[in-house]
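**Student:** Could you have a look at this structure, given as structure tokens, before my questions?
The values are calculated or read from the model by the stated rules, or taken from the named source; none is laboratory data. Fair warning: this is a prediction, and the values are worked out from it, not measured in the lab. Counting neighbours? That spans all protein chains shown, and the Cβs are built from the backbone with ideal geometry, glycine included.
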Amino acid sequence: MPDADPISAIAKAVRSARHVVVLTGAGVSAESGTPTFRDAMTGLWASFNPQELATPEAFEKNPELVTRWYDQRRIGCMACAPNPGHLALARLEEQLTARGGRFTLLTQNVDRLHHRAGSINVVELHGTIMVWRCTRTGREFTPPAEPMTEFPPRSPAGGLLRPNVVWFGEMLPESALAAAFEALQDCDLFLSIGTSSVVHPAASFIHIAKSAGAATGEINPESTPITPLVDFAARGKSGELLPLILDRCGPQAPAGEGR
Ligand code: BV8
């Protein structure tokens, strides 16, 4: 059940936290205008299931279709701006680290809006759509900020270029997983924001945080499979609720005090 005043409860927990870990999903970017992962895509993509396009098999079978879809998303993300939710997370990180605390932002998003909002310690669990790599040499490229003209795109070595994202059925980058597990085992507050909590392994991160003794919270307009597990459940949009939490964080005690 959503709490009577979860915003104040979350702000209180942030104020006294030593290490906050935040997990974000596509919902955090929704108010920037990027469709969430499970929203019906518009136009050409309305008849495709994103989950079927975000796989190595789809790329193998139809590299033109898959790279067109990703390049359209890449251009769409670049046309969006960080929203007040992204900006509030960057400010919370700044405040926490200024008082000697730790802040780790684990994101499932591939749009780099957290980076553009000023967040520093960002772990991209599912890679990024802004970097592509050669399937022959593994070399990475940052395509120019305009639509690609050749599909599927090729590298100078002649190999097909693919987005540097993690597809369904692919392992997450080892460095990202290691950073996530270290942060989850060390944190004393875990907040899951704007994710449907159905994609693994991110969907199971709350269990690691709870076994580390962390307090847990969720910000989402809807309930998710982890809602029954959290200490604080705030119903609403992250672009509206995160600035409220930031406002209520006010002056913060040095990290770790007041617990
Ligand atoms: C792996 C990059 C080893 C590409 C993505 C265990 C159990 C069951 C299944 C598995 C398991 N382990 C592995 C699997 C298989 C699979 C998986 O989890 N399948 C699910 C669907 C059942 N996982 C994998 O394959 C992972 N690899 O584990 O390797 C392995 C492999 C196979 C089998 C065993 C082990 C790799 C997963 C990564 C896939 N790549 N993205 C791309 O972007 O194109 S996932 C994709 O979904 C995005 O990253 C997205 O972020 C992510 C999760 O979706 P959400 O972010 O939550 O977005 P969604 O639209 O679903 O929800 C939006 C939420 O926001 C909603 O709740 C909504 O209410 C809320 N919202 C809306 N507006 C707002 C808002 N919230 C706040 N404010 C708002 N304004």
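**Student:** Which of the residues spanning region 17-45 are more than 15 Å from the ligand (Cβ to nearest atom) and at pLDDT below 95?
**Tutor:** If the condition is that a residue be more than 15 Å from the ligand (Cβ to nearest atom) and at pLDDT below 95, then Gly43, Leu44 are the ones that fit.
**Student:** Of Ala176, Ala183, which residue is within 15 Å of the ligand (Cβ to nearest atom), among the small types (Gly, Ala, Ser) and either part of a helix (DSSP H, G or I) or crowded, with 20+ Cβ neighbours inside 10 Å (or both)?
**Tutor:** Testing whether each residue is within 15 Å of the ligand (Cβ to nearest atom), among the small types (Gly, Ala, Ser) and either part of a helix (DSSP H, G or I) or crowded, with 20+ Cβ neighbours inside 10 Å (or both) leaves just Ala176.
**Student:** A further question on this structure: Of all residues being in a loop (DSSP other than H, G, I, E, B) and touching a Lys or Arg at 6+ places or on another chain (Cβ under 8 Å) in region 71-109, which is surrounded by the fewest Cβ atoms within 10 Å (Cβ to Cβ)? Just the residue, please.
**Tutor:** Of everything passing the filter in region 71-109, Ala81 is surrounded by the fewest Cβ atoms within 10 Å (Cβ to Cβ).
**Student:** Same structure, new question: Just for region 190-226: of the residues that are farther than 13 Å from Gly25 by Cβ and of a type in the set (Ser, Thr, Tyr), which one is surrounded by the fewest Cβ atoms within 10 Å (Cβ to Cβ)?
**Tutor:** Among residues in region 190-226 that are farther than 13 Å from Gly25 by Cβ and of a type in the set (Ser, Thr, Tyr), the one surrounded by the fewest Cβ atoms within 10 Å (Cβ to Cβ) is Ser211.
**Student:** How many of the residues in region 203-224 are near the ligand (Cβ under 10 Å from one of its atoms) and in a loop (DSSP other than H, G, I, E, B)?
**Tutor:** 4
**Student:** Among the residues of region 193-225, count how many are more than 23 Å from Leu242 (Cα to Cα) and among the acidic types (Asp, Glu).
**Tutor:** 0
**Student:** Scan region 46-61 and tell me whether some residue there is assigned to a helix (DSSP H, G or I), over 21 Å from the mean Cα position of the chain (by Cα), at pLDDT below 95 and not aliphatic (A, V, I, L, M).
**Tutor:** Taking every residue of region 46-61 in turn, at least one turns out to be assigned to a helix (DSSP H, G or I), over 21 Å from the mean Cα position of the chain (by Cα), at pLDDT below 95 and not aliphatic (A, V, I, L, M).
So that you can scan it fast, the table gives a plain yes or no per residue for (1) within 11 Å of the ligand (Cβ to nearest atom); (2) assigned by TED's automatic domain parsing to the domain that holds Glu93; (3) modelled with pLDDT of 95 or more:
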{"position": "Gln108", "(1), (2), (3)": "yes, yes, yes"}
{"position": "Arg116", "(1), (2), (3)": "no, yes, yes"}
{"position": "Cys134", "(1), (2), (3)": "no, no, yes"}
{"position": "Thr142", "(1), (2), (3)": "no, no, yes"}
{"position": "His200", "(1), (2), (3)": "yes, yes, yes"}
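**Student:** Between a residue in region 118-131 that is at negative phi and any residue that is in a loop (DSSP other than H, G, I, E, B) and hydroxyl-bearing (Ser, Thr, Tyr), which pairs come within a Cβ distance under 8 Å, given they are 6 or more apart or on different chains?
**Tutor:** Going by the 8 Å Cβ cut-off, the qualifying pairs are Met130/Thr142; Val131/Thr142.
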